[in-house]
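Here is the structure we will look at.
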Amino acid sequence: MLKKLFGKSEPELKESEVRVVIPEEEFGVLEWKEEDLPCIGVLNSALKDFEPKKIFSWHLSVIIDYEELIDNGMPSQEERDIVDPFCDKLDEEIKAGGNALFLIRETWNGTRRMVWRVYDPEIADAHLKYILEHHRYPRQFDYHMEQDVDWEQAKWYFNQIKT
């Protein structure tokens, strides 16, 4: 219509965009006891003050079952040599294209738990289903993802950071 009236074309409407600067990961070690067993966590503390949190509104948790354990439910060095490379590769794949932010890795009671904050849950879900369907994992694992816009599930970890 503007073109007819003034010889100009209408400006294109753009979908609203938000520019997000993903902080460089900074790691801190957390140690606590749960059910009288030690838990060791490696937290990406750079996310404590990250904004806008609502962009990464999905909480993805992957739990891997260790097979060879030593004292207090902790994995043996041989077991870590098997599981750690898988965890490193999985972290890289889940974060690919800026779709996720690594939050924490926990080792407790014969398990390794890895948690990310995810932008597009369908991408992460499809990738994890592919890994499971094609048996591309060294140990049994399961995952759970749910929307958590206010990062309620991450608050406890951030409250442990000593500033």
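The values are calculated or read from the model by the stated rules, or taken from the named source; none is laboratory data. Because the structure is predicted, anything quoted here is derived from the model rather than measured. Reconstructed Cβ throughout: ideal geometry from the backbone, glycine too, with neighbour counts over all protein chains shown. Just so you know, the surface numbers come from the protein's heavy atoms only, side chains and all, with ligands and any DNA or RNA stripped out. Shrake-Rupley method; radii C 1.70, N 1.55, O 1.52, S 1.80 Å.
Observations on the model:
- Residues in the stretch 107-128 that are crowded, with 17+ Cβ neighbours inside 10 Å and among the hydrophobic types (A, V, I, L, M, F, W, C): Trp108, Met114, Val115, Trp116, Val118, Ala124, Leu128.
- Test for Asn72: is it of a type outside the set (Lys, Arg), open to solvent by 80 Å² or more (accessible area, probe 1.4 Å) and within 23 Å of Lys33 (Cα to Cα): yes
- In the stretch 28-64, residue surrounded by the fewest Cβ atoms within 10 Å (Cβ to Cβ) [restricted to those that are under 16 Å from Trp116 (Cα atoms), touching a residue at least 60 places away in the same chain (Cβ under 8 Å) and of a type in the set (D, E, K, R)]: Lys54
- Residue that is nearest to Asp71 (Cα to Cα), among those in the stretch 85-106 that are touching a helix residue (DSSP H, G or I) at 6+ places or on another chain (Cβ under 9 Å) and open to solvent by less than 30 Å² (accessible area, probe 1.4 Å): Ile104
- Matching residues in the stretch 131-163 - criterion: being open to solvent by 100 Å² or more (accessible area, probe 1.4 Å) and part of a helix (DSSP H, G or I): Glu133, Glu152, Trp156, Asn159
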